[in-house]
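Contents: one structure, followed by commentary.
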Amino acid sequence: MSPEAEALTPDEALAAIDGEDIRMVKALSAAYDKMTRQISRVIVGQKRVIEQVLVAVFCRGHGLLVGVPGLAKTLLVSTIARVLHLSFKRIQFTPDLMPSDITGTDVLEEDRTTGRRVFRFVRGPLFANMILADEINRTPPKTQAALLEAMQERMVTVGEEDYRLPDPFFVLATQNPIEQEGTYPLPEAQLDRFMFMVTVDYPSADEEIEIMKMVAGSYEAELEIALTGEEIVKLQQIVRRVPAAEHVFQYARDLARATRPHTPEAPGFVNELVQWGAGPRASIYMMLAAKARAILHGRYHATTEDVREMALPVLRHRVITTFNAEAAGIKADQVVERLLAEVRPRVEEPVAAAR
């Protein structure tokens, strides 16, 4: 098959999914428009951040939000939980936080009528649909590990009992990139558990004026529910069924492999600037994110442009730069952006319009 024949046309993509899925994709695209409108009543700007967080939600993934204090990271997460009608818990991570403080613990109770003593499990704040792990790098590794185990297994173990977490279940953690004294940075292997690392940047000058007027005034947003937890679970299943042409998979693979130094696929600058590259989880997440982004924008198949748009939040925390790169002030973002400029898809696609 020629490379051109590998590309899916919109009609072929439409034929690849059934009628119920088509209805749900249309509903999600409409809901996405509604969600962004509702969230914009509370959060000014940050459109790319909102898109990346919602993509992680519909991919059944978790996100790490990195930004200086005061950029409304906590407000963003709580607003998304309200718009999606999900139960929400905020956990402030501190140096004295223990694993049982977040997972829950067994307590000994006495039955007053019989005098019999029994253990009863008291659930911790992890038992909610959306968890905000505020300043995750402020808590010791033991508590970080308990959270990351819950993220991966979607259950907690206390004693000899396993307790399932609610479905859907998402963790959106925040991290302050400025002050690192007295913190416990997440090891690279644990960072890899997060689908995205989302950078929350300063607002523009006009956006800052709008924020000032909104917060310093009497404005109070009224939010409407866009989706329910049950609908989100169905949409998560549909995301995995979204078709993509072979060259889209190849592009995601090529990007991930190009990050690995001293391999045939790595460009010369990667050997100099990168110590460790991204593993296979990166290419998997890029494809899942591309599929979710496609249906959020009302399209029935993923494209290389979707992969390209999702590559930076997937790769930035999986590309470990060398000492020489750090000394020169070169960050992982710059390496990934250079890769996106050099590694091109095998089939160039026209920009797809939403249906």
* Can you pull the Kirkwood radius for the chain, inverse mean 1/r over Cα pairs, to one decimal in Å? -> 22.0 Å
* Could you let me know the centre-to-centre spacing of segment 59-93 and segment 265-319, using Cα atoms, in angstrom? => 23 Å
* Asked: What's the extension gain from ALA328 to THR105 if we count 0.36 nm per residue and subtract their Cα-Cα distance?
  -> 75.5 nm
* Structure fact -> Rounded to the nearest 10, the angle in degrees between the Cα long axis of helix 246-258 and the longest principal axis of the Cα atoms of the chain comes to 70 degrees
* Structure fact -> Measuring from its Cα centre, the chain shows a charge dipole (+1 at each Lys and Arg Cβ, -1 at each Asp and Glu Cβ) which, in debye to the nearest 20, is 420 debye
* To do: Would you order PHE249, PHE58, PHE121 from fewest to most other beta-carbon atoms within 10 Å of each residue's own beta-carbon?
  => PHE121, PHE249, PHE58
* Asked: Using the per-residue mean of other Cβ atoms lying within 10 Å as a proxy for protection, in what order, highest first, do the peptides 193-201, 272-280 fall?
  -> 193-201, 272-280
* List ILE136, ILE232 from most exposed to least, where exposure is judged by having the fewest other Cβ atoms within 10 Å. => ILE232, ILE136
* What lysines sit close enough to LYS73 to cross-link, taking a C-alpha to C-alpha distance under 24 Å and skipping anything fewer than 8 places away on the same chain? -> LYS34, LYS47, LYS89, LYS213, LYS331
* To do: Would you give the gap between the C-alpha center of segment 190-217 and the C-alpha center of segment 119-144, rounded to a whole Å?
  => 24 Å
* Which ³J(HN,Hα) values, rounded to whole Hz and listed in residue order, are derived for segment 22-33 from phi using the Karplus coefficients 6.51, -1.76 and 1.60 in 6.51 cos²θ - 1.76 cosθ + 1.60 with θ = phi - 60°, glycine and proline given as x? -> 4, 4, 5, 5, 4, 5, 5, 4, 5, 5, 5, 4
* Structure fact -> The ratio Rg/Rh over the Cα atoms of segment 155-220, Rh being the Kirkwood inverse mean 1/r radius, stands at 1.14
* Asked: For ALA27 and SER204 in the same chain, what is the full-extension length gain: residue separation times 0.36 nm, less their Cα-Cα distance, in nm?
  -> 60.5 nm
* Structure fact -> In degrees, nearest 10, the alpha-carbon axis of helix 205-216 is tilted away from the dominant principal axis of the alpha carbons of the chain by 20 degrees
* To do: In whole Hz, with x marking every Gly and Pro, tabulate ³J(HN,Hα) for segment 156-167 from phi via Karplus 6.51 cos²θ - 1.76 cosθ + 1.60, θ = phi - 60°.
  => 10, 10, 10, x, 9, 10, 9, 10, 6, 7, x, 10
* With a 10 Å Cβ neighbour count serving as the proxy for reagent exposure, in which order, fewest first, do THR36, THR157, THR304 appear? -> THR157, THR36, THR304
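No lab work stands behind these numbers, since they all come straight from the coordinates. Every value quoted in this text rests on a predicted model; they were computed, and no experiment measured them. Quick reminder, even Gly has a Cβ in these numbers, built from the backbone with ideal geometry, and neighbours come from all protein chains shown.
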